[in-house]
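Student: Below are the structure tokens for one structure; questions will follow.
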Amino acid sequence: MKPFTISLRSLGRHSFLAITTTFVLVPFIWMISLSLKPPGESFNGSFSLLPQTWHAAQNYTRAMTASPLPRFMFNGFFVCGVILTLQLLVCTPIAYALAKLKFPGRNVLFALVLIGLLVPGQVLALPLFILAHQLNLLNTYAALVFPFIVSPFGIFLFRQFFNTIPDDIVHAARLDGMSEFAIVWRIMLPMAVPALIAFSIFSVVGHWNDLFWPLIAVRSQELMPPPLGLMAFKNEDTGIDYGPLMAASTIVVAPLVIVFLVAQSWFIRGLTAGGVK
Amino acid sequence: MRRLRLAESLVACALAAPGLFLLVALFILPVAGVLVIAFTDWQFGAASLNFVGLKNFTEIFADAAFRKALANTMLYTAIVVPGTIVLGLAVALAIESGQTMRAFYRAVHFLPYMATLAAMAITWEALLHPTIGLVNQVLTAAGLPTANWLRDERTVLPVLAIIGIWQNLGFAMVLFLAGLTAIPRDLYDAADVDGIDFWFDRFRLITLPMLGPVLMFVVIVVALHGLEIFDTVQTLTQGGPNHASDVLLYTLYRESFQYLRTGYGAAVTVVFLMIVVALTLIQTRIMDRKVHYQ
Amino acid sequence: MSGLELRNICKNFGSTNVIRNLSLDVVPGEFLTLLGPSGCGKSTLLRIIAGLELQDEGSVAIGGRAVDGLRPKRRDVAMVFQSYALYPHMSVARNLAIPLLMRRLNTLQRLPVFSAFVPGTAAKKAEIASEVARIAKSIGIDHLLDRKPSQLSGGQRQRVAVGRAMVRQPAVFLMDEPLSNLDAKLRVQMRAEIKELHQRLGVTFIYVTHDQVEAMTLSDRVAVMLDGELLQVAPPQEIYTNPHDRRVAEFVGSPKINMIDVKVREGGLAKIGGQVLPLEFDAKQDTLTIGIRPEAFRLTDSRDPNSLSSIVRLIEHMGSDLFVHVDLSGVPDPVIARLPAWSSHIAPGSSLHLRITTEQVLLFSKDGKRLKPQASVTPLRGLVR
């Protein structure tokens with residue numbers, strides 16, 4: 001009697017999760033499926049996932065050549081890389097100062113960080129747009145990068161992590177003759193690798209996927225990161241031929257999904273910590 | 001001793017200075033700036049400005065399009081939050097109730113939260129295409145009525161909300177899973193002995209109350225995500241048809257950066273900021289209060 | 001009043017046998033302690049009795065009724081958990097009321113808002129509230145009824161946990177290390193309260209602990225458990241003085257019993273240092289182990305022909321006694337002797353003359369079985385000169 005109830009339960013569990021899994025996965029599957037089909041097949045209303053005639057090569061070639069998709073992808077990697085590097089350079093020392101040093105105004109500084117944490121990026125778009133205009137930055141790589149050089153979330157996360165590192169380690173490093181600067185980079189950051197990974201994922205995913213700010217900051221195609229480039233591609237390709245567009249979408253989504261499947265738990269940790277922001 | 005402390009302060013200032021400068025330049029002053037602009041008649045590119053009090057705010061609230069956008073955002077959030085919570089909790093409970101394939105289900109459900117929404121929105125458009133989209137094909141095959149989902153005033157917002165639920169469900173699920181693991185096993189054992197052994201009683205008397213703080217937290221965060229809806233609207237509907245999918249951030253974007261109506265845009269920004277701050281304050285209040293479980 | 005019968009219980013977790021073919025009878029109204037080191041399977045056994053865990057083989061009967069297929073709530077048992085497992089989001093009153101609410105109200109009456117419209121609910125709830133109040137008063141927590149568990153001290157939480165077990169008036173009380181989260185002083189106090197509670201209620205108690213003092217002080221009988229097996233079930237005094245197994249002798253008693261391996265000489269004699277011990281047992285052995293409890297040593301002097309000469313290594317002062325660690329000549333490991341506190345001339349490094357009280361010596365064969373003296377109540381008589 002017992003094994004029967006257990007298997008019934010497990011059947012119910014898997015059935016329910018199969019339904020939600022389908023709901024979650026259908027867009028991904030359909031995207032890939034359409035990216036493999038010739039134009040005719042997207043029309044004729046077949047449910048089949050795999051195409052009757054494979055059109056993958058044509059679609060993906062078209063996606064890579066009809067629009068500057070390789071350029072969009074490069075822009076994405078480049079902008080995300082620069083943003084992350086600058087964020088780490090700026091956030092680590094200030095987080096260390098907040099966590100381990102005593103100085104007047106420390107609480108005020110931390111309050112500023114919390115205010116920064118509270119303000120959603122979209123609120124800053126208008127003034128930063130004006131600032132970029134004044135500095136003549138609009139429509140440059142710099143425009144894509146500068147609002148994000150300092151990340152209040154990064155400061156907050158690193159400060160929390162540094163707080164858990166015993167003060168004695170800092171004291172020992174000082175006795176060994178290390179400068180505060182060296183302590184930040186040679187002791188604290190290497191010890192904060194979990195925070196570093198979580199923050200890196202949060203930052204890269206956020207900026208790779210960002211559409212709002214690039215839409216405001218750049219106009220020329222050579223500077224567009226992937227989501228914005230995809231919009232441009234979609235708008236000029238007005239036909240109903242989904243193949244190349246789906247191929248382009250697949251290429252844009254793929255890098256993060258692949259890394260996610262490899263480093264799942266890190267991703268989940270980084271993004272939920274960030275969602276908490 | 002004093003000199004040592006002074007030295008420490010100097011070092012701290014040197015380490016914090018770049019971050020401090022950028023925080024002020026890129027967060028504090030811009031927020032102050034947008035607050036100022038919202039109360040002036042300044043327009044993008046103008047050389048002078050005058051304070052006009054609440055004029056920008058009376059203007060936006062007099063504008064039916066803005067009121068529609070505000071109402072749409074609220075309605076969208078009002079669908080996404082319960083939908084995400086119920087589905088996310090159900091998935092988390094289902095995953096937690098067994099031992100097999102946990103990592104798989106967790107990863108799959110989390111996928112939409114990290115995938116590029118702009119790209120996925122294009123796929124949703126293909127799925128929802130009135131003639132060749134999978135959704136209508138399935139509905140037709142099942143003998144059910146179809147619709148032009150994204151071009152129909154009545155369906156566009158609920159459809160966007162379903163995409164919102166699709167995207168946020170994994171986020172809620174992960175937080176609920178963490179919350180469920182934190183409930184001590186002993187409590188369920190005690191409940192068994194005390195006779196709380198019907199699943200609904202267990203859920204009502206143990207699981208749900210023990211998840212209380214996590215639940216409140218997820219509600220607020222998903223609500224914030226809901227208020228920030230932009231990518232799907234920009235990609236799929238551009239606020240249409242007939243403002244039926246206009247939302248706060250889309251209005252903000254359109255007025256500020258396409259029409260360059262700076263005062264209007266600033267006022268919308270301030271309204272958006274107020275809503276977000278209010279929600280965040282509620283969240284902090286709740287988190288501070290939820291200590292009685294310790 | 002109900003007793004409890006366990007027949008041939010087996011439980012495996014994967015390939016580990018946690019409980020091996022265990023049988024046990026508990027007399028109605030008895031206070032029985034399952035004593036053993038952590039990981040011996042005692043908690044698992046308790047959970048099997050409660051119905052929280054299912055045995056792979058064997059059967060459980062409570063009050064003569066087989067309960068194997070029954071859910072915990074139908075078994076007429078109550079349990080006090082090590083962590084107390086109080087519902088943190090409910091007041092003390094509600095924690096106490098839950099077992100009654102769950103069994104006396106039907107499904108409709110338990111529904112949150114709707115229940116107000118179901119006839120009879122209010123009366124039942126009032127009756128439950130008065131019972132809760134009575135129980136709370138009887139264990140001295142009636143002033144805490146409105147508090148949440150987080151607002152209580154450790155001892156108060158423990159009382160609430162006991163109260164929650166009491167309200168249903170179960171046939172069997174199960175307690176899983178209920179005192180282990182308390183500080184030493186409170187533990188002694190609550191120990192006495194549990195003993196008193198048992199005397200007052202008169203129902204069967206099954207109490208799991210790894211603390212031998214708790215087992216000895218509380219129990220009518222102690223069941224010593226090791227590696228999923230019961231080694232011996234007997235009253236506390238017998239467990240101490242008449243252990244059936246070397247492992248029982250070693251687990252019970254503090255400081256630990258001294259175990260000395262000896263070769264048996266002609267005529268059943270063994271020699272430790274200068275003292276010759278007469279060994280009477282019913283099996284042929286060439287080597288065996290002699291167990292000597294620390295209090296089986298007595299001080300004597302060099303004129304005693306049977307004295308063992310020893311060198312003092314270190315002394316632990318316990319107030320009423322001294323634990324003296326000594327090297328006995330001819331014995332490889334140091335032994336511990338418990339001597340009266342006024343044996344003040346003892347100092348580290350000094351030599352000491354000890355004598356073994358042979359009546360208290362325990363003999364074990366190589367495989368750890370106790371070697372019973374040949375059909376005699378007081379087998380070891382006097383010393384051989």
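The values are calculated or read from the model by the stated rules, or taken from the named source; none is laboratory data. Bear in mind that the values here come from a model prediction, so they are computed numbers and not experimental data. Cβ sites come from the backbone with ideal geometry, for glycine too, and all protein chains shown count toward neighbours. With ligands, DNA and RNA removed, areas are computed over all heavy atoms of the protein, side chains included. Shrake-Rupley method; radii C 1.70, N 1.55, O 1.52, S 1.80 Å.
Student: Which of A:I197, A:I169, A:I183 moves most in a GNM of chain A, Cα contacts under 10 Å?
Tutor: A:I169
Student: Take the Cα radius of gyration of the stretch C:1-103 and divide it by 2.2 N^0.38 Å, with N its residue count; two decimals is plenty.
Tutor: Rounded to two decimals, the normalised Rg is 1.17.
Student: Mind listing which chymotrypsin sites (Phe, Trp or Tyr not before Pro) in the stretch B:235-292 are in a DSSP loop and have 12 or fewer other Cβ atoms within 10 Å?
Tutor: Taking the stretch B:235-292 and a limit of 12 other Cβ atoms within 10 Å, the loop chymotrypsin sites (Phe, Trp or Tyr not before Pro) found are B:Y259.
Student: Work out the charge dipole of the protein assembly as shown with +1 on the Cβ of Lys and Arg and -1 on the Cβ of Asp and Glu about the Cα centre, then indicate which of C:Q275, B:M74, A:M73 is farthest towards its positive end.
Tutor: C:Q275
Student: Also, quick follow-up: Give the cross-link partners of C:K263 among the lysines, using a straight C-alpha distance below 25 Å as the criterion and excluding same-chain residues fewer than 8 apart.
Tutor: Straight-distance partners of C:K263: C:K271, C:K284, C:K366, C:K369, C:K372.
Student: Which pairs break 20 Å Cα to Cα here: C:K195/C:K256; C:K42/C:K185; C:K137/C:K195; C:K148/C:K195; C:K11/C:K42?
Tutor: Distance filter (> 20 Å) returns C:K195/C:K256; C:K42/C:K185; C:K148/C:K195.
Student: Something else about it: So for the stretch A:80-220, averaging the separation of alpha carbon pairs under 8 Å that are six or more residues apart and normalising by length, what relative contact order in percent results?
Tutor: 44 percent
Student: Between the stretch C:1-30 and the stretch A:96-111, what is the C-alpha centre distance in whole Å?
Tutor: First find each Cα centre; the distance between them is then 61 Å.
Student: Over chain B, what is the mean sequence separation of C-alpha contacts under 8 Å (at least six apart), divided by residue count, expressed as relative contact order in percent?
Tutor: That works out to 28 percent.
Student: I need to check one value: relative contact order of chain C, counting alpha carbon pairs closer than 8 Å and at least 6 residues apart, in percent.
Tutor: The value is 16 percent.
Student: While we're here: For the stretch A:139-165 and the stretch C:299-356, compute the distance between their C-alpha centroids and round to whole Å.
Tutor: Each part reduced to its Cα centre gives a spacing of 71 Å.
Student: Report, in debye and to the nearest 20, how large the dipole of the protein assembly as shown comes out about its Cα centre when Lys and Arg carry +1 and Asp and Glu carry -1 on their Cβ.
Tutor: Once rounded to the nearest 20, the dipole reads 1280 debye.
Student: Also, I was wondering about something else. For chain B, with a Gaussian network of springs between Cα atoms less than 10 Å apart, report the residue from B:T123, B:T181, B:T84 with the top mean-square fluctuation.
Tutor: Greatest mean-square fluctuation among the candidates belongs to B:T181.
Student: Where does the charge balance sit around A:P214 when Lys and Arg score +1, Asp and Glu -1, over other residues with C-beta under 13 Å from its C-beta?
Tutor: Neighbourhood net charge equals -2.
Student: Something else: Counting only DSSP beta bridges with both residues in the protein assembly as shown, what percent are antiparallel, rounded to the nearest 5?
Tutor: So the antiparallel bridges in the protein assembly as shown amount to around 75 percent.
Student: How much of the DSSP beta bridge set in chain C is antiparallel, as a percent to the nearest 5?
Tutor: 75 percent
Student: Taking the Cα centre of the stretch A:69-236 as origin, work out the dipole magnitude from +1 charges on Lys and Arg Cβ and -1 charges on Asp and Glu Cβ, in debye rounded to 20.
Tutor: Dipole size: approximately 140 debye.
Student: I want to verify a result. In a Gaussian network model of chain B, Cα cutoff 10 Å, which of these has the top mean-square fluctuation: B:Q99, B:Q137, B:Q43?
Tutor: Evaluated over chain B, the most mobile residue of the options is B:Q99.
Student: Something else now. Please list C:H143, B:H243, B:H109, A:H14 from largest to smallest accessible area, probe radius 1.4 Å, with all protein chains kept in place.
Tutor: C:H143, B:H243, A:H14, B:H109
Student: Hey, another quick one. In the stretch C:215-264, what percent of the accessible surface is made up of carbon and sulfur (1.4 Å probe, ligands and nucleic acids excluded)?
Tutor: The nonpolar share, carbon plus sulfur, comes to 46 percent.
Student: Further question on the same structure: If you take the Cα Rg of the protein assembly as shown and divide it by 2.2 N^0.38 Å, with N the number of residues, what do you get?
Tutor: 1.27
Student: Which of C:G41, C:L182, C:I135 sits closest to the plus end of the dipole of the stretch C:4-241, meaning its Cα is farthest towards the positive end, when Lys and Arg get +1 and Asp and Glu get -1 on the C-beta?
Tutor: C:I135
Student: Taking only the alpha carbons of the stretch C:4-241, what extent do you get along each of the three principal axes, in Å, biggest first?
Tutor: Between the extreme Cα coordinates on each principal axis of the stretch C:4-241 lie 59, 41, 31 Å.
Student: Let me ask something additional. Where does the charge balance sit around B:A118 when Lys and Arg score +1, Asp and Glu -1, over other residues with C-beta under 12 Å from its C-beta?
Tutor: -2
Student: Excluding A:M31 itself, calculate the net charge of residues whose Cβ lies under 14 Å from the Cβ of A:M31, where each Lys or Arg counts +1 and each Asp or Glu counts -1.
Tutor: Value of the local net charge: +1.
Student: Starting from the Kirkwood Rh over alpha-carbon pairs, what translational D in µm² s⁻¹ does chain B have by Stokes-Einstein at 4 °C and 1.567 mPa s?
Tutor: Translational diffusion coefficient: 57 µm²/s.
Student: Evaluate the charge dipole of the stretch C:254-364 about its Cα centre and quote only its size in Debye, nearest 20, assuming +1 on the Cβ of each Lys and Arg and -1 on the Cβ of each Asp and Glu.
Tutor: Value, rounded to 20: 120 debye.
Student: Keeping every protein chain present and rolling a 1.4 Å probe, give me the accessible area per residue for the protein assembly as shown in Å².
Tutor: It amounts to 43 Å² per residue over the protein assembly as shown.
Student: Hey, how many Å between the Cα centroid of the stretch B:130-187 and the Cα centroid of the stretch C:164-232?
Tutor: That distance is 54 Å.
Student: Considering only protein heavy atoms, what is the solvent-accessible area of C:S351 at a probe of 1.4 Å, reported in Å² to the nearest 10?
Tutor: Surface open to solvent at C:S351 totals about 70 Å².
Student: Shifting gears a bit: Consider all pairwise Cα distances in the stretch A:69-236 and report the whole-number % of them above 21 Å.
Tutor: Tail fraction, whole percent: 54.
Student: Summed for both chains, how many Å² of accessible area, to the nearest 100, are buried between C and B with a 1.4 Å probe?
Tutor: The summed interface area works out to 2100 Å².
Student: Right, another one. If you count the DSSP beta bridges with both ends in the stretch C:94-245, what percent of them are antiparallel, to the nearest 5?
Tutor: Expressed as a percentage, antiparallel bridges in the stretch C:94-245 total about 50.
Student: Taking the dipole about the Cα centre of the protein assembly as shown, with the C-beta of Lys and Arg at +1 and of Asp and Glu at -1, give me whichever of A:M231, C:V160, C:T209 is farthest to the positive side.
Tutor: C:V160
Student: Rounded to the nearest 500 deg cm²/dmol, what is the calculated helix-only ellipticity per residue at 222 nm for chain A, with -39500 (n - 2.57) per DSSP H run of length n ≥ 4?
Tutor: Calculated at 222 nm, the ellipticity per residue is -24000 deg cm²/dmol.
Student: Kirkwood Rh, Cα Rg: Rg to Rh for the stretch B:68-121?
Tutor: Here Rg/Rh amounts to 1.11.
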